[in-house]
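Beneath this line is the structure, given in structure tokens, with notes to follow.
Nothing in this text is a laboratory measurement; each read-out follows from the coordinates by a stated rule. The shown structure was predicted, so the numbers you read here are calculated from the model rather than taken from an experiment. Every residue, glycine as well, gets a Cβ built from its backbone with ideal geometry; the counts of neighbours run over all protein chains shown.
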Amino acid sequence: MARPRKARSAAVLSLVWLTAFAPAVSAGEASSRPTIEALESSLQRRSTSGDVVRFDGESLQSFAVASRPAATVGDAGPIVRALDIADGQEPFDAQGTVSVARLGTFPVTALLKADRWYGFENCPPRTIAGRNARCARVVPKDPHRLGYTLWVDAEQDALLGFVIHETSGATLEYVQFSRVIVDLTERPLSNTPDVQTTIAVAQEVPRWTPDGFVLQSNERSDREHVMRFSDGVAGFSIFVTPVADSATTTGESRWGASAIVDRIVRGGDGRDFLVTLAGEIPMATARRILLGVQPSF
């Protein structure tokens, strides 16, 4: 479990923001795809460890982490790598843990296959944790996805940090190493047969989702129905829960890169349901998806 260290002072936070959290500026139209391809190869074979900082627009946390390479699955490329939060730290919220883990699990293979939805641009290099880093900008091609800026070690192609951007270009969340050790040892990869999963589509599946987002899992119990969608890079989940009180408080919020929207919706049988969407998509897209969910238990 991740655990935050002591809070930084306002002066330190301001300095970190000015020197590290400012959004990158595009350096031209040249494609950054070669940088991302090099990162894909590195994620299969290199381990990284060190200290990581995360800033979500309001608070700054620090984590000690270690990642390790994983095997591959058929021709699909490397599977998600594990990134372990050091033991002995205080528990931290799940969203923070997930964000930090992306340094070891960023879906690079899926990203390279999703060029219908994302473009790649170069941006100015910078120094992270004392290492020279190339910059790769991932630009969404429609208004239903967030953008990313990745910094990749110039020598060993390890992922040193990333920013998640709103469609307007504003920074939503920033994660980077403040101290890093890259293991240069090449590790052999094992191959495992690809597994195909069949998903039964239930009535609640929204009438509209952005092109490219596919239903990944569909879990139903007596108390809740959970659907998870992904385009291979970003994703969102929809939770449908029966409620007895239609006055249940609902609203909208953004937690780092995640939009959270919930509504009370009356089902076809006259019962009320709390429908919640949470995921790394623009807020306007989350609202539109929820409009098309018709609960039925």
**Request:** Return the long-range amide H neighbours of VAL293 (sequence gap of 5 or more, or a different chain), with a cut-off of under 5 Å between placed amide H atoms.
**Result:** ARG207
**Prompt:** What is the calculated FRET efficiency for MET283 to ASP115, with r their C-beta to C-beta distance and R₀ = 22 Å, to the nearest 0.05?
**Reply:** 0.30
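Fewest Cβ neighbours within 10 Å first, please rank MET227, MET283 accordingly.
On the way: MET227 24, MET283 15.
Going from sparsest to densest Cβ surroundings: MET283, MET227.
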**Asked** With charges set only on the Cβ (+1 for Lys and Arg, -1 for Asp and Glu), what does the dipole of the range 214-291 come to about its Cα centre, in debye to the nearest 20?
**Response** 160
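Within 10 Å of each residue's Cβ, count the other Cβ atoms and sort GLU166, GLU40 from fewest upward. Walk me through the numbers before you get to the answer.
Numbers: GLU166 15, GLU40 18.
Ordered from fewest to most neighbouring Cβ atoms within 10 Å, GLU166, GLU40 come out as GLU166, GLU40.
Between GLU219 and ASP142, what's the calculated FRET efficiency when r is the beta-carbon distance and R0 is 30 Å? Round to 0.05. Before the final figure, lay out each step's value.
Details: r = 28 Å, r/R0 = 0.94.
For R0 = 30 Å, the calculated efficiency reads 0.60.
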**Message:** Only counting other Cβ atoms within 10 Å, I'd like SER42, SER59 sorted with the fewest neighbours first.
**Reply:** SER59, SER42
